[in-house]
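The values are calculated or read from the model by the stated rules, or taken from the named source; none is laboratory data. Keep in mind that this is a model prediction, so the values were computed, not measured. Cβ atoms come from the backbone with ideal geometry, glycine included; neighbour counts cover every protein chain shown.
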Amino acid sequence: MIKVLRVDDRLLHGQVAVAWTNYYKIDTIVVANDKLITDATMQMAFKLATPPEVTLSMKSLDGAVAVINNPKHAARTIMVICKDMKDAEYLYDRTNGAIKDVLLGGLRSGEGKKKIDMNSYMDADDIAVMDSMEKKGAELVMQADPTSKRLTTADIRKSFAR
């Protein structure tokens, strides 16, 4: 079962590996990123960041879709992590309703991006994808870690409009 889809441009790091896996009681992390599957250095770093009791699977976006849609993984408690909103929508659209909760956080600043939360920035395209996913039934929130303030999509839109 997919517990949550995390959108974080750093993908897997200590905060995600420890705080969120404990919070959601995750036994499997699927990192979905097309560049990751050819980057041995990034793969090694992610292996080192993964708690020993958690299974790590690093897949392309289509590989992650195959894992999510495979019924043999239904008994697992899975957190999927992707890099950006477009990848999140790609996964959401191809997994037959398996993904319901989308957790935004760790979205770095860049050209055209506005600060939403302490460590998360979004641009108009990100907001459009968020709106599209919400219309399709996804529950989206932004939260840096389990103890920080949880922002709803309304909160995100309000911050973006400032």
query = Which residues, taken from region 107-135, are within 13 Å of T153 (Cβ to Cβ) and in contact with a Phe, Trp or Tyr (Cβ under 8 Å, 6 or more places away or on another chain)?
reply = I116, M122, I127, M133
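Being part of a strand (DSSP E or B) and either modelled with pLDDT under 95 or more than 11 Å from the chain's Cα centre (by Cα) (or both) is the filter here; which residues of region 4-60 pass it?
Of the residues in region 4-60, the ones part of a strand (DSSP E or B) are 4-7, 28-32, 55-59.
T28, T55, L56, S57, M58, K59 - these are the residues of region 4-60 that are part of a strand (DSSP E or B) and either modelled with pLDDT under 95 or more than 11 Å from the chain's Cα centre (by Cα) (or both).
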message = Can you list residue pairs whose Cβ atoms sit under 8 Å apart, with the first residue in region 22-37 being on the phi > 0 side of the Ramachandran plot and the second being of a type outside the set (D, E, K, R) and in a loop (DSSP other than H, G, I, E, B)? Count only pairs 6 or more apart in sequence or on different chains.
response = K25/T77
query = Can we say P71 is free of Cβ contacts under 8 Å to residues at least 24 places away in the same chain and of a type outside the set (V, I, T)?
reply = yes
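Would it be correct to say that A19 is buried (at least 17 other Cβ atoms within 10 Å of the Cβ), farther than 19 Å from A75 by Cβ, touching a residue at least 24 places away in the same chain (Cβ under 8 Å) and not basic (K, R)?
Judged against the criteria, A19 is not a match.
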inquiry  = I'm trying to understand the selection: among the residues of region 62-76, which are surrounded by fewer than 15 Cβ atoms within 10 Å (Cβ to Cβ) and in a helix (DSSP H, G or I)?
reply    = D62, A66, N69, P71, K72
message = Checking the structure you have, find out if any residue of region 94-103 is under 15 Å from M133 (Cβ atoms), small (G, A, S) and in contact with a helix residue (DSSP H, G or I) (Cβ under 7 Å, 6 or more places away or on another chain).
response = yes
message = Of the conditions (1) touching a strand residue (DSSP E or B) at 6+ places or on another chain (Cβ under 8 Å); (2) closer than 26 Å to E134 by Cβ, T50 satisfies every one except a single condition; which number is it?
response = (2)
inquiry  = For region 106-131, which positions are on the phi > 0 side of the Ramachandran plot and within 14 Å of the chain's Cα centre (by Cα)?
reply    = G106
inquiry  = Going by what's in this entry, would T38 be described as among the hydroxyl-bearing types (S, T, Y) and loosely packed, with under 14 Cβ neighbours inside 10 Å?
reply    = yes
task = Among the numbered conditions (1) over 20 Å from E134 (Cα atoms); (2) surrounded by fewer than 19 Cβ atoms within 10 Å (Cβ to Cβ), tell me where K59 comes up short.
result = (2)
